[in-house]
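Every read-out reported here was derived from the displayed coordinates using simple, explicitly stated rules and does not represent laboratory data. All figures in this text were calculated on a predicted structure; none of them were measured in a lab. Neighbour counts are summed over all protein chains in view; Cβ atoms, including those assigned to glycine, are modelled from backbone coordinates with ideal geometry.
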Amino acid sequence: MTSEDRTAVLALLRRVTFGMPPEEAGRYVALGYRGTVDALIEEARGDDRDLDAYLGTLELDLTTLAGLQRWWLVRMLRTRRHLLERMVLFWHGVLVSASAKVGVPRATPEMPNPPRHLLVQNQLFRALGLGQSRDLYRAIVHDGAMLIYLDGRDSRKAKPNENFARELFELFAIGRSGPDGRPTFHEDDVREASRGFTGWSVSKDGEVQFRPNQFDAGTKRVFGQVGAFGADALIDLTLSHPNHAVHLCRRLFRHVIDDRPTEDDLAPVIAAYRESGGDMARTVRALLLSPAAMDPARFRGRMRSPIEFVVGTLRTLGMPDIGTNLPGILDRMGQSPFNPPNVAGWPSGERWLSPSMWLERVNFANGVATTRKGARSDGLPIAAIVPPAARVSPEAVVDAITARLLDGRLSSEARATLVAYARQGVTWPSGRTPRDDELAIDRKARGVIHLVLAMPDSHLA
């Protein structure tokens, strides 16, 4: 395998997994680029029974937001269905619901098993995220979290609520305007479609119900089509809109590749989506095998979100156990799982890098680098990252760390700076490390890890 092939596979893994240590990445490298794409899609069709069992041993309180967030973060850190879990995050940012409004009800004597709407929605994305998009869009109409978040539970025949229809068109499925700049829908379309989404409710104990007497069964006119449309028919009508495939494929491209897709970039992805009837696995495969995805000039062309950076760092360094403070760290970085800031989801690109967000990333990097084994953590596995054979010189230490965190790709100037830092104040013998220098070299290795995690390339996918 050429170095170019290896680089392409590692770029692919950065984009569509949450990271992995070199020994795991090596298995995919051996498959080649196309083989890795096929393997990731096939693995997504498997199961995570061992992970489900492990999560059960943690006894997380899923009636708190922090417990719910830790549950998902552990999944990200330990899943074997890498691509699927990334698609769960994608859909969470497209079909948005947030705990700030949905809530995470606590258990009470009157309700010992409160509804877990956000957890159910998250599992819905996991079950359908790589299947037919129509199935997922139809299901989200009567998803409990969505009914609460966009006020669908209060939408009734006499007074339809327009929120879901509006966001479905504007953000979830079509977009405000097409390639020619013209509006893709009008206010009349929103008003008429909202009538077809009436009738769904959420009871006080959290049960989703359909009330036929509150459904408007009358004739509606949407996108120029006339019929007594109900929810399923309206979803089908929405997904058949000419701009739907363009809108969704653009969002997928931006989630995986970069923020600057051209019409040519999107063409093979849109074609696969339309020809497959909205099959997301086939669409993702077309994206990953597209010229844009395989262009070396676009590797590391997208800013990693806080979740990608944090989870990717922990996975790559071999730290699958998380502390209770990780949800708070992500919140300060601007990406709180289960709680996007608004119905448009999270920002992207440079908007992740306000001064306070960047400081949180650097502080996290320092915390990871200095973590040692304790009662609640196995700590940074520094002996595995920088084994004895790599401790014979500052160059060897730097190369071992950058091979893991940067795929060994950094400029000669950056490498020289890291080597100079590692050499300063430490005696480096030839061939072996004296016992009295072990602690000093350990500190230097941790310092190099901190510096590498603060380098721009560590924050790019």
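Compute the Cα gyration tensor for segment 340-412, then decide on rounded, prolate or oblate, letting a ≥ b ≥ c be the square roots of its eigenvalues: rounded whenever a/c is under 1.5, prolate when a/b is larger than b/c in the other cases, and oblate in all that remain.
It is oblate, given that a/c is not under 1.5 and a/b is not larger than b/c.
Once a ≥ b ≥ c are taken as the square roots of the eigenvalues of the Cα gyration tensor of segment 81-298, is the result rounded (a/c under 1.5), prolate (a/b larger than b/c) or oblate (a/b not larger than b/c)? Present the calculation step by step, with values, prior to reporting the outcome.
Working: a/c = 2.37, a/b = 1.33, b/c = 1.78.
Here segment 81-298 falls in the oblate category.
If you average the C-alpha positions of segment 330-348 and of segment 97-142 separately, how far apart do those two centres end up, in angstrom?
17
Taking the Cα-to-Cβ direction at ARG274 and at ALA416 and moving 7 Å from each Cα, how far apart do the two end points lie in nm?
5.3
Which order do THR238, THR427, THR57, THR283 fall in if you start with the one that has the fewest other Cβ atoms within 10 Å?
Details: THR238 22, THR427 11, THR57 7, THR283 25.
Going from least to most buried by this count: THR57, THR427, THR238, THR283.
Using a cut-off of 13 Å between beta-carbons, work out the net charge of the residues near ARG260 (Lys and Arg +1, Asp and Glu -1, ARG260 not included).
Values: positive: ARG250, ARG254, ARG298, ARG302; negative: ASP258, ASP259, GLU263, ASP264, ASP265, ASP295, GLU350.
Combined, the nearby Lys, Arg, Asp and Glu give -3.
What does the extension gain come out to for LEU51 and ASN363, with contour length at 0.36 nm per residue minus their alpha carbon separation?
Values: separation 312, 0.36 × 312 = 112.32 nm, distance 2.94 nm.
My answer for the length gained is 109.4 nm.
Roughly what would the spin-label model give for GLU350 and VAL120, points 7 Å off Cα along C-beta, in nm?
Distance between label points: 4.3 nm.
Within segment 330-387, which trypsin sites (Lys or Arg not before Pro) sit in a loop by DSSP and count at most 15 neighbouring Cβ atoms inside 10 Å? Display every interim value, and only then the final one.
Numbers: sites: ARG332, ARG351, ARG361, ARG372, LYS373, ARG376; in loops: ARG372, LYS373, ARG376.
When the trypsin sites (Lys or Arg not before Pro) of segment 330-387 are filtered for loop state and at most 15 Cβ neighbours within 10 Å, ARG372, LYS373, ARG376 remain.
If we count other beta carbons within 10 Å of each Cβ, what is the order of LEU95, LEU119, fewest first?
On the way: LEU95 25, LEU119 17.
Placing the least packed residue first, the sequence is LEU119, LEU95.
Under 29 Å between C-alpha atoms is the cut-off here; go through the chain and count lysine pairs that meet it, provided they're at least eight residues apart or on different chains.
On the way: LYS101/LYS157; LYS101/LYS159; LYS101/LYS204; LYS157/LYS204; LYS157/LYS220; LYS159/LYS204; LYS159/LYS220; LYS373/LYS444.
Final tally of qualifying lysine pairs is 8.
Given (i) 49; (ii) 27; (iii) 21, which label gives percent of Cα pairs over 39 Å apart as computed from the coordinates?
(ii)
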